[in-house]
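The values are calculated or read from the model by the stated rules, or taken from the named source; none is laboratory data. These numbers were taken from a predicted model, which means no experiment stands behind them. Note: ideal-geometry Cβ built from the backbone for every residue, glycine included; neighbour counts use all protein chains shown.
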Amino acid sequence: MCAHEAMFYEKIGNKTVKCNLCSRRCIIPPGQRGVCGVRENQDGTLVTLVYGKLTSFNVDPITKKPLFHVWPGAGVASISTVGCNFRCQFCDNWVISQSTEIYGKSFTPEKVISYAKRARAQGISYTYNEPTIFYEFMYDTAKLAVKEGLFNTIVTNGYMTPEALDELAPYLLAATVDIKGNGNPDFYRKYMGVPDPSPIYDFLLELKRKGVFIEITDLVVPKYGDSLDDLKKLVRWIVENLGDEIPFHVLRFFPDYKMIDHYPTPTDTLIQHYKVAKDEGLKYVYIGNLPGHPGENTYCPSCGKLLIRRYGFDILEYNVTKDHRCPYCGHKINIIGDYVSGGWYWVSFI
């Protein structure tokens, strides 16, 4: 597809533009691109170079996002492009996120919806690379998805501006917001190329105000981003500002990209983080990337009974009632959407 005029920018003179899509708010001279690498100033007009250029189109279990409390068991058509506004040295999708080449298979929003419905998916997920940077295609697809009875979710680093979220939120059911290194600002600067992580917290507050369901992940990078003091600060902020029912996923780090010589997060470290997050008041805490650990399961915050048993991306046992209550004590469980048992196809279209 041809270059597509971008949303959320302003002209500031001499054909220079300011991009207001992400919190970097890049000043972009003519002929140059923003940090994301996919938004280019063409003679004073900001364009997106990745509209409809998809690098991935898979129907995944929603558990993979991870969204454990949104339409459990659902299948979501998951799409991506190239590019990212972060420079994470450990990115496991670096081949697409850090690509300097613009490429992808051409899709229209209508084609995405058609393929998703063919695979009997319940929703669309904008994921793999940062969806903020392919906002225009996401926005057009999300609007159409809602019309066609599909829900929308994003997996994001949380750097989208409030004005961009304002436009997207009416079509957005849920967001997985990825925190790294327990939110330590020095970790963000040194290992992610992000000078200030504070806009992420503003983004989370805006999601809450707009009624978007939130789940949060925290990638625990051993040695460099595993401070328990930082974890306590992060969890306390979540409890005080978002509530104690936010699902929180402690994720295991695996070496990749420019940190291939590092080592995976030790199991003991993950368990310690899991316990601290619970001790600090969160009711739904999970351990990710450690298949078979009890920390993958959902337990009733009131009576402690096992409600959802998982192994990796699979739901093995589901005991929540249709009105989202614990069948043992009646406690209301923070889940949205129906339980989906099968009925969709795990397939790739690219």
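For the reader, a short list of remarks on this structure follows.
- Qualifying residue in the stretch 253-270 (condition: touching a Ser or Thr at 6+ places or on another chain (Cβ under 6 Å) and in the same structural domain as residue 174 (by TED's automatic domain parsing)): yes
- Neighbours by Cβ (under 6 Å, 6+ apart or cross-chain): first from the stretch 65-78, in contact (Cβ under 8 Å) with a residue 40 or more places away in the chain and farther than 21 Å from residue 144 by Cβ; second in a loop (DSSP other than H, G, I, E, B) and small (Gly, Ala, Ser): 73/341
- Given (1) surrounded by 22 or more Cβ atoms within 10 Å (Cβ to Cβ); (2) touching a strand residue (DSSP E or B) at 6+ places or on another chain (Cβ under 7 Å); (3) β-branched (Val, Ile, Thr), number of the condition residue 50 does not satisfy: (2)
- The combined condition, being part of a loop (DSSP other than H, G, I, E, B) and in contact with a Lys or Arg (Cβ under 6 Å, 6 or more places away or on another chain), is not fulfilled by residue 282.
For every residue, the table says whether it meets (1) within 30 Å of residue 337 (Cβ to Cβ); (2) in a strand (DSSP E or B).
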| site | (1), (2) |
| --- | --- |
| 191 | no, no |
| 203 | yes, no |
| 206 | yes, no |
| 250 | yes, yes |
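- Checking 312, 295 one by one, the residue that is of a type outside the set (Phe, Trp, Tyr), in contact with a helix residue (DSSP H, G or I) (Cβ under 9 Å, 6 or more places away or on another chain) and under 16 Å from residue 73 (Cα atoms) is 312 and no other.
- When 79, 113 are checked against the criterion of being crowded, with 18+ Cβ neighbours inside 10 Å, among the β-branched types (Val, Ile, Thr) and touching a strand residue (DSSP E or B) at 6+ places or on another chain (Cβ under 7 Å), a single residue qualifies: 79.
- Some residue of the stretch 108-119 being part of a loop (DSSP other than H, G, I, E, B) and of a type in the set (Ser, Thr, Tyr): yes
- Exactly one residue out of 136, 148 is at pLDDT 95 or above, surrounded by fewer than 19 Cβ atoms within 10 Å (Cβ to Cβ), assigned by TED's automatic domain parsing to the domain that holds residue 93 and closer than 22 Å to residue 80 by Cα: that is 148.
- Some residue of the stretch 32-50 being outside any loop (DSSP other than H, G, I, E, B), in contact with a helix residue (DSSP H, G or I) (Cβ under 8 Å, 6 or more places away or on another chain), of a type in the set (Ser, Thr, Tyr) and touching a residue at least 40 places away in the same chain (Cβ under 8 Å): yes
- Summed over the stretch 211-248, the residues that are in contact (Cβ under 8 Å) with a residue 24 or more places away in the chain and either in a strand (DSSP E or B) or among the acidic types (Asp, Glu) (or both) give a count of 15.
- Residue in the stretch 88-101 that is surrounded by 24 or more Cβ atoms within 10 Å (Cβ to Cβ), under 17 Å from the mean Cα position of the chain (by Cα), at pLDDT 95 or above and not in a helix (DSSP H, G or I) present: yes
- Among the residues of the stretch 169-190, the ones that are touching a residue at least 60 places away in the same chain (Cβ under 8 Å) and hydrophobic (A, V, I, L, M, F, W, C) come to 2 in all.
- The residues of the stretch 285-315 that are touching a Lys or Arg at 6+ places or on another chain (Cβ under 7 Å) and not in a loop (DSSP other than H, G, I, E, B), listed by number, are 285, 288, 296, 299.
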